[in-house]
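Chemist: Quick one: the structure is below, and I'll ask about it shortly.
The values are calculated or read from the model by the stated rules, or taken from the named source; none is laboratory data. Remember, it's a predicted structure, so these values are computed and weren't measured experimentally. Here the Cβ positions follow ideal geometry from the backbone for every residue, glycine too, while neighbour counts run over all protein chains shown. Ligands, DNA and RNA are excluded from the accessible area calculation, which covers all protein heavy atoms including side chains. Shrake-Rupley method; radii C 1.70, N 1.55, O 1.52, S 1.80 Å.
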Amino acid sequence: MKTEILKLDAVNPDPDKIKHAAEIIRAGGLVAFPTETVYGLGANALDAAAAQNIFTAKGRPADNPLIVHIVETSELSKLTDYIPPVAYTLMDKFWPGPLTMIFNKSEAVPGIITAGLDTVAIRMPSHPIAQALISVSGLPIAAPSANTSGKPSPTTAQHVIEDLYGKVDVIIDGGCTNVGLESTVLDVTTTPPSILRPGGITAEQLEHVLQKIDIDPTLMSQKNFDAVPRSPGMKYKHYSPKAEVIIIQGSLDKIVVEINRLAARYASEGKKVGILATEQTKSFYPSGNVIISMGDRSNPETIAASLFRDLREFDEKNCDIVLAEAVDSSGIGFAVMNRMSKAAGYNIIKV
Ligand code: TXA
Ligand code: MG
């Protein structure tokens, strides 16, 4: 398939190019586009055949449902038969933005979108390109992250090109995404609502508004093979570079000592070692290794924004092994550690 690349300004996207991409969505095609979290791979959410093409292009397991993206709350009533009061409070506070809510699905939503579940995930993105595309197409757009299934989610158009060039109709290049990790998935069909995937809106932000929320227990334990996550996507090994990833967790000085010890050992075995460091620690590692700073520990949003890009960069540099510093898991750090743990297949050394 021929893939067209459309370069668009992230703040004021060219209306003619948006119209062209929207026509492709309306005709049942696939358009990758930036959102404030990560790039999404979009298709008409009401067209089962178009949605099937998303699964094929990504190599996505059929039991992993898609998020439906909207721009007006009025579209909700087409997709769900019941909007719980708590959802209105959350929409008011966090939409548009990186919060996905799970509702009971209506008849209009094809079963392929929800992987046969009777619930549907819906979010309203804040990115101007995403908003313009949904609005001009006049349709709800189903969009998983625009990566090959299992790889780190894309935060630039270049990442999408690496994974999906030749498999989709259009890739919109709107620059770097802002949050860098996916949206928080919150089930509002239960009381209290329950976080199924940590993401751009933190548990603390939700608790501030709702007082009580649950967190799916499979997210809390580091390796819980018996428990089945309620968000089907969370059960897959994910976000993985080709290199083996090992997380080192503990006090910062001990982390640095252990990473130096392991780096020397793996290097002596002839392995190319990558080190996922932070601004605070990057100068403590020997320069023979591939050292990437994921950001500033005192500004964890910078770490969230760069994690996926960094994991891909270790592959570009052909690392065999990546030694990753754990970060504080409060706030956005919860989502960072969730993604990093999955990238590592829960291979975590405590020091
Ligand atoms: O930030 C995001 O959410 C990005 C951008 C493109 O919007 N999208 C994204 O989609 O991350 P995806 O498909 O990569 O992840 C969707 C997650 C998966 O873990 C999936 O299992 C879960 O949402 N999900 C979707 N529908 C669900 C449902 N009905 N019940 C429970 N989990 C659901
Ligand atoms: Mg994904």
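Chemist: Just the accessible area per residue of the chain, please: how many Å² with a 1.4 Å probe?
Modeler: 41
Chemist: Report the label-to-label distance for His20 and Asp118 in nanometres (one decimal), using points 7 Å from each Cα along the Cα→Cβ vector.
Modeler: According to this spin-label approximation, the distance is 4.6 nm.
Chemist: Strictly over 32 Å apart at the Cα level, which of Lys272/Lys342; Lys7/Lys151; Lys58/Lys282; Lys93/Lys317; Lys7/Lys58; Lys19/Lys212 would you flag in this model?
Modeler: Lys58/Lys282; Lys93/Lys317; Lys19/Lys212
Chemist: Let me understand the chain better: what is its radius of gyration from the alpha carbons, and its Dmax, in angstrom?
Modeler: Spelled out, the Cα radius of gyration and Dmax of the chain are 20.1, 61 Å.
Chemist: With a 1.4 Å probe and every protein chain kept in, tell me what percent of the accessible surface of the chain is carbon plus sulfur.
Modeler: Of the solvent-accessible surface of the chain, carbon and sulfur hold 52 percent.
Chemist: Contact order normalised by length for the chain, with contacts defined as Cα pairs under 8 Å and 6 or more residues apart; what percent is it?
Modeler: 19
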